[in-house]
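Q: Take this structure, written in C-alpha coordinates, and hold onto it; I'll ask about it next.
The values are calculated or read from the model by the stated rules, or taken from the named source; none is laboratory data. Predicted, not measured: the structure shown is a model, and the values here were computed from it. We place every Cβ from the backbone using ideal geometry, glycine too, and count neighbours over all the protein chains shown. Remember, those area values only see protein heavy atoms, side chains included, never the ligands or the DNA or RNA. Shrake-Rupley method; radii C 1.70, N 1.55, O 1.52, S 1.80 Å.
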Amino acid sequence: MKPILTLLLIAFSPFFALSQTENLPKAHTHTGGGEFGIMTFNIRVGKGMDQVNNLQRSADIINRERPDIVALQEVDSVTVRTGGRDQAQELGQLTGMHSVFAAAMEFNGGKYGVGLLSREKPLSVRRIPLPGREEVRVMLIAEFRRYVVAATHFSLTEADRLASAEILLKETAQIDKPVFFAGDLNALPESATIKLLEQHFTLLTDKNGFTFPADTPDRCIDYIFARNPKAPFGKEFKVISTTVLPEPLASDHRPVMVKLKLNSH
(Lines give C-alpha, C1' and ligand atoms only; values in the text may rest on other atoms or scores of the structure.)
Protein backbone atom coordinates (compact mmCIF):
# COMPACT_ATOMS: atom_id res chain seq x y z
CA MET A 1 0.00 0.00 0.00
CA LYS A 2 1.39 3.39 -0.96
CA PRO A 3 2.08 5.81 1.94
CA ILE A 4 -0.46 8.43 0.80
CA LEU A 5 -3.23 5.82 0.67
CA THR A 6 -2.25 4.55 4.11
CA LEU A 7 -2.49 8.05 5.55
CA LEU A 8 -5.90 8.58 3.95
CA LEU A 9 -7.20 5.36 5.50
CA ILE A 10 -5.85 6.41 8.89
CA ALA A 11 -7.58 9.78 8.69
CA PHE A 12 -10.97 8.07 8.55
CA SER A 13 -10.30 5.46 11.23
CA PRO A 14 -12.17 6.00 14.54
CA PHE A 15 -9.17 4.66 16.47
CA PHE A 16 -6.47 6.72 14.76
CA ALA A 17 -5.67 10.40 14.70
CA LEU A 18 -2.83 11.96 12.74
CA SER A 19 -1.91 15.61 12.83
CA GLN A 20 1.07 17.58 11.74
CA THR A 21 2.46 21.02 12.40
CA GLU A 22 3.64 22.67 9.21
CA ASN A 23 6.41 25.28 9.28
CA LEU A 24 7.92 23.93 12.49
CA PRO A 25 9.35 26.60 14.79
CA LYS A 26 13.04 27.16 14.04
CA ALA A 27 13.99 26.42 17.66
CA HIS A 28 12.41 22.99 17.37
CA THR A 29 13.99 21.69 14.19
CA HIS A 30 16.40 18.71 14.10
CA THR A 31 19.17 18.85 16.67
CA GLY A 32 21.71 18.90 13.87
CA GLY A 33 25.25 17.59 13.66
CA GLY A 34 23.95 14.17 12.65
CA GLU A 35 22.54 13.53 16.14
CA PHE A 36 19.20 11.81 16.63
CA GLY A 37 17.22 11.58 19.87
CA ILE A 38 14.52 9.12 20.93
CA MET A 39 12.44 9.50 24.08
CA THR A 40 9.82 7.30 25.68
CA PHE A 41 7.50 8.98 28.17
CA ASN A 42 4.45 7.67 29.99
CA ILE A 43 2.69 11.00 30.61
CA ARG A 44 -0.19 9.59 32.72
CA VAL A 45 -2.62 11.83 30.80
CA GLY A 46 -0.68 14.85 32.06
CA LYS A 47 -1.29 14.14 35.76
CA GLY A 48 1.79 14.64 37.88
CA MET A 49 2.86 13.19 41.21
CA ASP A 50 1.18 16.21 42.81
CA GLN A 51 -2.12 15.00 41.20
CA VAL A 52 -2.28 18.21 39.14
CA ASN A 53 -3.10 17.77 35.45
CA ASN A 54 -0.62 19.96 33.59
CA LEU A 55 0.32 18.87 30.07
CA GLN A 56 2.60 21.88 29.69
CA ARG A 57 5.10 20.23 32.05
CA SER A 58 5.41 17.28 29.68
CA ALA A 59 5.87 19.65 26.75
CA ASP A 60 8.55 21.60 28.64
CA ILE A 61 10.57 18.40 29.17
CA ILE A 62 10.33 17.51 25.48
CA ASN A 63 11.27 21.04 24.42
CA ARG A 64 14.26 21.06 26.75
CA GLU A 65 15.62 17.72 25.52
CA ARG A 66 14.63 18.22 21.86
CA PRO A 67 14.25 14.57 20.79
CA ASP A 68 13.40 13.69 17.21
CA ILE A 69 10.98 10.96 18.28
CA VAL A 70 8.81 10.67 21.41
CA ALA A 71 6.84 7.53 22.20
CA LEU A 72 3.93 8.53 24.47
CA GLN A 73 1.88 6.27 26.73
CA GLU A 74 -1.35 6.89 28.68
CA VAL A 75 -2.67 9.52 26.29
CA ASP A 76 -6.25 10.84 26.30
CA SER A 77 -8.17 12.05 23.28
CA VAL A 78 -11.18 14.30 24.04
CA THR A 79 -12.13 12.51 27.27
CA VAL A 80 -14.14 14.15 30.03
CA ARG A 81 -11.41 13.61 32.63
CA THR A 82 -8.92 15.74 30.68
CA GLY A 83 -11.33 18.44 29.63
CA GLY A 84 -12.04 17.24 26.10
CA ARG A 85 -8.48 17.92 24.96
CA ASP A 86 -6.71 15.97 22.23
CA GLN A 87 -3.50 15.45 24.16
CA ALA A 88 -1.31 14.10 21.35
CA GLN A 89 -2.31 16.95 19.09
CA GLU A 90 -1.82 19.49 21.86
CA LEU A 91 1.66 18.18 22.63
CA GLY A 92 2.44 18.38 18.92
CA GLN A 93 1.42 22.03 18.92
CA LEU A 94 3.37 22.80 22.11
CA THR A 95 6.54 21.16 20.79
CA GLY A 96 6.30 21.95 17.08
CA MET A 97 6.23 18.24 16.19
CA HIS A 98 4.02 16.01 14.07
CA SER A 99 1.66 13.96 16.22
CA VAL A 100 -0.05 10.59 15.86
CA PHE A 101 -2.54 9.01 18.27
CA ALA A 102 -3.63 5.36 18.32
CA ALA A 103 -6.59 4.53 20.53
CA ALA A 104 -6.55 1.37 22.59
CA MET A 105 -10.16 1.83 23.65
CA GLU A 106 -13.09 4.19 23.97
CA PHE A 107 -13.08 5.83 27.39
CA ASN A 108 -14.93 8.56 29.31
CA GLY A 109 -16.53 10.19 26.28
CA GLY A 110 -13.40 9.94 24.14
CA LYS A 111 -10.50 7.55 23.59
CA TYR A 112 -7.39 6.44 25.45
CA GLY A 113 -4.19 4.98 24.03
CA VAL A 114 -0.66 5.76 22.90
CA GLY A 115 0.90 8.48 20.79
CA LEU A 116 3.98 9.44 18.83
CA LEU A 117 5.62 12.81 18.24
CA SER A 118 8.17 13.25 15.46
CA ARG A 119 10.17 16.01 13.78
CA GLU A 120 9.78 14.27 10.45
CA LYS A 121 6.34 13.54 9.04
CA PRO A 122 5.62 9.78 8.95
CA LEU A 123 5.32 8.13 5.55
CA SER A 124 2.72 5.70 6.92
CA VAL A 125 1.27 4.59 10.25
CA ARG A 126 -0.31 1.33 11.45
CA ARG A 127 -2.35 0.54 14.57
CA ILE A 128 -1.89 -2.99 15.93
CA PRO A 129 -4.23 -4.30 18.70
CA LEU A 130 -2.43 -6.07 21.57
CA PRO A 131 -3.73 -8.37 24.33
CA GLY A 132 -4.48 -6.97 27.76
CA ARG A 133 -6.82 -8.75 30.14
CA GLU A 134 -6.92 -5.89 32.67
CA GLU A 135 -6.90 -3.15 30.01
CA VAL A 136 -7.01 -3.19 26.21
CA ARG A 137 -3.60 -2.42 24.69
CA VAL A 138 -2.33 -1.15 21.34
CA MET A 139 0.89 -0.67 19.37
CA LEU A 140 1.57 2.10 16.88
CA ILE A 141 4.07 1.51 14.05
CA ALA A 142 5.22 4.53 12.03
CA GLU A 143 7.50 4.40 9.00
CA PHE A 144 9.92 7.21 8.21
CA ARG A 145 12.42 7.72 5.40
CA ARG A 146 15.36 5.95 7.08
CA TYR A 147 13.77 3.99 9.93
CA VAL A 148 10.60 2.64 11.55
CA VAL A 149 9.33 3.33 15.09
CA ALA A 150 7.06 1.06 17.14
CA ALA A 151 5.54 2.62 20.26
CA THR A 152 3.43 0.81 22.85
CA HIS A 153 2.30 0.23 26.43
CA PHE A 154 2.30 -3.45 27.40
CA SER A 155 -0.09 -5.22 29.75
CA LEU A 156 0.38 -5.76 33.47
CA THR A 157 0.10 -9.53 32.87
CA GLU A 158 3.21 -11.47 31.85
CA ALA A 159 1.36 -13.80 29.48
CA ASP A 160 -0.08 -10.78 27.64
CA ARG A 161 3.33 -9.11 27.53
CA LEU A 162 4.93 -12.19 25.99
CA ALA A 163 2.13 -12.42 23.43
CA SER A 164 2.57 -8.71 22.65
CA ALA A 165 6.31 -9.17 22.16
CA GLU A 166 5.59 -12.00 19.72
CA ILE A 167 3.21 -9.72 17.81
CA LEU A 168 5.90 -7.02 17.65
CA LEU A 169 8.41 -9.52 16.25
CA LYS A 170 5.91 -10.74 13.65
CA GLU A 171 4.84 -7.23 12.59
CA THR A 172 8.45 -6.04 12.15
CA ALA A 173 9.97 -9.22 10.71
CA GLN A 174 9.73 -8.09 7.08
CA ILE A 175 10.79 -4.48 7.63
CA ASP A 176 14.14 -3.83 5.94
CA LYS A 177 14.84 -0.50 7.68
CA PRO A 178 16.25 -0.05 11.19
CA VAL A 179 13.43 -0.43 13.73
CA PHE A 180 13.23 1.44 17.04
CA PHE A 181 10.88 0.04 19.66
CA ALA A 182 9.98 2.15 22.70
CA GLY A 183 7.47 2.21 25.52
CA ASP A 184 6.31 1.39 28.99
CA LEU A 185 6.59 -2.40 28.93
CA ASN A 186 5.52 -3.03 32.55
CA ALA A 187 8.32 -5.62 32.65
CA LEU A 188 11.44 -5.85 34.80
CA PRO A 189 14.83 -6.38 33.10
CA GLU A 190 15.06 -10.01 34.21
CA SER A 191 11.55 -10.86 32.97
CA ALA A 192 10.83 -13.34 30.20
CA THR A 193 9.45 -10.50 28.04
CA ILE A 194 12.69 -8.49 28.09
CA LYS A 195 14.78 -11.62 27.58
CA LEU A 196 12.70 -12.50 24.50
CA LEU A 197 13.05 -9.00 23.05
CA GLU A 198 16.81 -9.03 23.62
CA GLN A 199 17.08 -12.12 21.44
CA HIS A 200 15.95 -10.05 18.45
CA PHE A 201 16.60 -6.40 19.37
CA THR A 202 19.48 -4.43 20.89
CA LEU A 203 18.57 -2.73 24.17
CA LEU A 204 19.70 0.91 23.98
CA THR A 205 18.64 2.00 27.47
CA ASP A 206 20.21 1.08 30.81
CA LYS A 207 18.55 -1.72 32.79
CA ASN A 208 19.90 -0.11 35.96
CA GLY A 209 18.23 3.21 35.19
CA PHE A 210 15.10 3.19 37.34
CA THR A 211 12.04 4.85 35.78
CA PHE A 212 9.14 4.22 38.19
CA PRO A 213 7.71 5.65 40.42
CA ALA A 214 8.93 9.09 39.36
CA ASP A 215 9.46 10.59 42.82
CA THR A 216 11.46 7.65 44.23
CA PRO A 217 12.15 5.26 41.35
CA ASP A 218 13.05 1.70 42.33
CA ARG A 219 12.54 -0.27 39.10
CA CYS A 220 13.07 -0.12 35.34
CA ILE A 221 9.97 -0.70 33.22
CA ASP A 222 10.46 1.83 30.37
CA TYR A 223 12.76 0.88 27.48
CA ILE A 224 14.08 1.75 24.04
CA PHE A 225 15.27 -1.04 21.72
CA ALA A 226 16.64 -1.10 18.17
CA ARG A 227 17.11 -3.60 15.38
CA ASN A 228 18.95 -3.31 12.08
CA PRO A 229 18.01 -6.20 9.77
CA LYS A 230 20.82 -5.52 7.29
CA ALA A 231 23.79 -5.42 9.65
CA PRO A 232 24.65 -5.40 13.35
CA PHE A 233 23.19 -2.32 14.98
CA GLY A 234 25.67 0.53 14.75
CA LYS A 235 26.18 0.63 11.00
CA GLU A 236 23.72 3.50 10.63
CA PHE A 237 23.29 4.62 14.25
CA LYS A 238 25.83 4.82 17.07
CA VAL A 239 24.67 5.29 20.67
CA ILE A 240 26.07 8.47 22.22
CA SER A 241 24.19 8.44 25.52
CA THR A 242 21.22 6.94 27.36
CA THR A 243 19.60 8.79 30.26
CA VAL A 244 16.70 8.50 32.68
CA LEU A 245 15.76 12.15 32.99
CA PRO A 246 15.68 13.45 36.60
CA GLU A 247 12.02 14.50 36.43
CA PRO A 248 10.18 13.62 39.68
CA LEU A 249 6.93 15.58 39.20
CA ALA A 250 5.36 15.75 35.71
CA SER A 251 4.17 12.10 35.65
CA ASP A 252 4.47 8.91 37.68
CA HIS A 253 7.13 7.70 35.20
CA ARG A 254 10.43 9.36 34.43
CA PRO A 255 11.11 9.91 30.73
CA VAL A 256 13.96 7.96 29.13
CA MET A 257 16.15 9.44 26.39
CA VAL A 258 18.67 7.94 23.98
CA LYS A 259 20.93 10.06 21.78
CA LEU A 260 22.35 8.50 18.63
CA LYS A 261 24.78 9.54 15.94
CA LEU A 262 23.49 9.10 12.40
CA ASN A 263 26.18 7.78 10.07
CA SER A 264 26.01 9.41 6.66
CA HIS A 265 25.23 7.33 3.57
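Q: Over the chain, what is the mean sequence separation of C-alpha contacts under 8 Å (at least six apart), divided by residue count, expressed as relative contact order in percent? Spell out each step's value before the answer.
A: On the way: 652 pairs, mean separation 51.5, N = 265.
Relative contact order for the chain comes out at 19 percent.
Q: Only helical DSSP H runs with n ≥ 4 go in: add -39500 (n - 2.57) per run for the chain, normalise by residue count and round the 222 nm mean residue ellipticity to 500 deg cm²/dmol. Provide the component values of the computation, followed by the final result.
A: On the way: 5 runs with 51 residues, N = 265.
Calculated at 222 nm, the ellipticity per residue is -5500 deg cm²/dmol.
Q: Separate question: State, in angstrom, two size descriptors of the chain derived from its alpha carbons: Rg to one decimal place and Dmax to the nearest whole number.
A: Values for the chain (Cα only, Rg and Dmax): 16.8, 48 Å.
Q: With 23 Å as the limit, write out which pairs from Lys47/Lys195; Lys47/Lys207; Lys47/Lys111 have Cα-Cα distances beyond it, or answer none.
A: Values: Lys47/Lys195 31 Å; Lys47/Lys207 26 Å; Lys47/Lys111 17 Å.
Long pairs (Cα-Cα over 23 Å): Lys47/Lys195; Lys47/Lys207.
Q: Taking GluC sites (Glu not before Pro) that fall in a DSSP loop and have at most 12 other Cβ atoms within 10 Å as cut points, what is the longest piece of the chain between them? Each step should come with its number before you reach the end.
A: Values: sites that count: Glu22, Glu134, Glu190.
Here the longest run is 23-133.
Q: Next up: Of the residues Gly209, Gly34, Gly46, which exhibits the maximal mean-square fluctuation in a Gaussian network model of the chain defined by a 10 Å Cα contact cut-off?
A: Gly34
Q: Can you tally the net charge around Cys220? Count Lys and Arg as +1, Asp and Glu as -1, for every other residue whose Cβ sits under 13 Å from the Cβ of Cys220. Show your work: numbers first, answer last.
A: Working: positive: Lys207, Arg219, Arg254; negative: Asp184, Glu190, Asp206, Asp218, Asp222.
Within the 13 Å Cβ shell, the charges total -2.
Q: Between beta-carbons, use under 12 Å as the cut-off and find the net charge around Lys207, counting Lys and Arg +1, Asp and Glu -1.
A: Taking every other residue near Lys207 into account, the sum is -2.
Q: Related question: Whole-Hz ³J(HN,Hα) for each residue in segment 181-191, computed from phi via Karplus 6.51 cos²θ - 1.76 cosθ + 1.60 with θ = phi - 60°, x for glycine and proline: what do you get?
A: Residue by residue, segment 181-191 yields 10, 9, x, 8, 9, 6, 9, 7, x, 8, 6 Hz.
Q: Lys121: accessible area at probe 1.4 Å, nearest 10 Å²?
A: About 90 Å², rounded to the nearest 10.
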